[in-house]
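A.B. asks: Take a look at this one; I'll ask things after.
The values are calculated or read from the model by the stated rules, or taken from the named source; none is laboratory data. On a predicted model such as this, the values are computed, not experimentally measured, just so you know. Virtual Cβ from ideal backbone geometry, glycine too; neighbours counted across all protein chains shown. For accessibility, only protein heavy atoms count, side chains too; no ligands or nucleic acids. Shrake-Rupley method; radii C 1.70, N 1.55, O 1.52, S 1.80 Å.
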Amino acid sequence: MIGQQLDIVTELDYNSDTYRDAYSRINAIVIEGEQEAYSNYLRLGEMLPDLKDDLAKLAKMEMRHKKGFTACGKNLSVTPDMQFAQEFFAQLHGNFQTAAAEGDVVTCLLIQSLIIECFAIAAYNIYIPVADDFARKITEGVVKDEYLHLNFGEEWLKANFESAKAGLEKANRQNLPIVWKMLNRVEKDAKVLGMEKEALVEDFMIAYGEALGNIGFNTRDIMKMSAMGLLP
Ligand code: Y39
Ligand code: FE
Ligand code: FE
Ligand code: FE
């Protein structure tokens, strides 16, 4: 997988219209994602008052990420297509809002701290070797934080595993298929940036499967859950 990616790197022209057009959507997705992550952690802070300060710190990191990625777009003179990005996140966003309104912490954590963080970890790790120098440095700093965010979700869900298990399975069934659809929507643009869908799926599965294992799911559950909605 790495070899394939390095072959592509030599062909990338960061200033070409093709690259910048694809970047206008991928960059927007990342900026919107960071903004939503910021709001989601603040919302979780209201739902978990004892952890409000910790969650506020995570939210602050997300705001810093948003600023970093905004600078990456500016550096390439790209205008992010924010409308595309909002539509891209609309379903997951709606599901998070519904769960939050119901006080469903388990579903909110599954959506933000497991699914979205693993999606970010996969995307950023795959992006780093093919990024321009400016964006690479920023993304390397960001991805370290995303592991902390994933860890926050893992720890809480692990501590509450018995009561959270059924809710996690249900929320996974409802939300993971959405992620695979999101990935299909950006497959072409990601490829222009040198990121293969196959590599993104692989990295997502590894991060998500590991997280489910850390929380307490057994191998059989992990297999069933992480492939949910992947195959038509
Ligand atoms: O926790 C976070 O910072 C996550 C919001 C950011 C998600 C970024 C989503 C990246 C998907 C990019 C798809 C590229 C193929
Ligand atoms: Fe591979
Ligand atoms: Fe982030
Ligand atoms: Fe994050």
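A.B. asks: Stokes-Einstein diffusion coefficient for the stretch 55-166 at 4 °C in a medium of 1.567 mPa s, Rh from the Kirkwood formula over Cα pairs: what value in µm²/s?
C.D. replies: 84
A.B. asks: Would you calculate, for the chain, the mean residue ellipticity at 222 nm contributed by helices, counting each DSSP H stretch of 4 or more residues as -39,500 (n - 2.57) and dividing by all residues, to the nearest 500?
C.D. replies: -27000 deg cm²/dmol
A.B. asks: So between D54 and A159, what do we pick up on full extension, going 0.36 nm a residue minus the alpha carbon distance?
C.D. replies: 36.2 nm
A.B. asks: Roughly how tilted is helix 52-75, in degrees to the nearest 10 and between 0 and 90, from the longest Cα axis of the chain?
C.D. replies: Taking Cα atoms only, the helix is inclined about 10 degrees.
A.B. asks: Okay, next question. Compute the acute angle (0 to 90°) between the alpha-carbon long axis of helix 82-101 and the principal axis of greatest extent of the alpha-carbon atoms of the chain; round to the nearest 10°.
C.D. replies: Taking Cα atoms only, the helix is inclined about 10 degrees.
A.B. asks: Ignoring any ligand, DNA or RNA, what whole percent of the accessible area of the chain comes from carbon and sulfur when the probe is 1.4 angstrom?
C.D. replies: C and S fraction of accessible area: 54 percent.
A.B. asks: While we're here: Tell me, what is the per residue accessible area of the chain in Å², probe radius 1.4 Å?
C.D. replies: 48
A.B. asks: Mind ranking 60-72, 41-53 by how tightly packed they are, going by the mean number of other C-beta atoms within 10 angstrom, highest first?
C.D. replies: Order by mean packing, descending: 60-72, 41-53.
A.B. asks: Between K191 and Q83, what FRET efficiency comes out of the Förster formula 1/(1 + (r/R0)^6) with R0 = 35 Å and r the beta carbon distance, rounded to 0.05?
C.D. replies: For R0 = 35 Å, the calculated efficiency reads 0.95.
A.B. asks: Further question on the same structure: Compute the Cα gyration tensor for the stretch 137-232, then decide on rounded, prolate or oblate, letting a ≥ b ≥ c be the square roots of its eigenvalues: rounded whenever a/c is under 1.5, prolate when a/b is larger than b/c in the other cases, and oblate in all that remain.
C.D. replies: oblate
A.B. asks: Next question, about the same structure. Pairing the Cα long axis of helix 17-47 with the longest principal axis of the chain, what angle in degrees results, from 0 to 90 and rounded to the nearest 10?
C.D. replies: With rounding to tens, the tilt is 20 degrees.
A.B. asks: Which of rounded, prolate or oblate describes the chain when judged by the alpha-carbon gyration tensor and an a/c cut-off of 1.5?
C.D. replies: It is prolate, given that a/c is not under 1.5 and a/b is the larger ratio.
A.B. asks: How many angstrom separate the Cα center of the stretch 137-192 from the Cα center of the stretch 66-91?
C.D. replies: 20
A.B. asks: Then there is this: Determine the shape class of the stretch 124-186: with a ≥ b ≥ c the square roots of the Cα gyration tensor eigenvalues, call it rounded for a/c under 1.5, and otherwise prolate if a/b is greater than b/c, oblate otherwise.
C.D. replies: oblate
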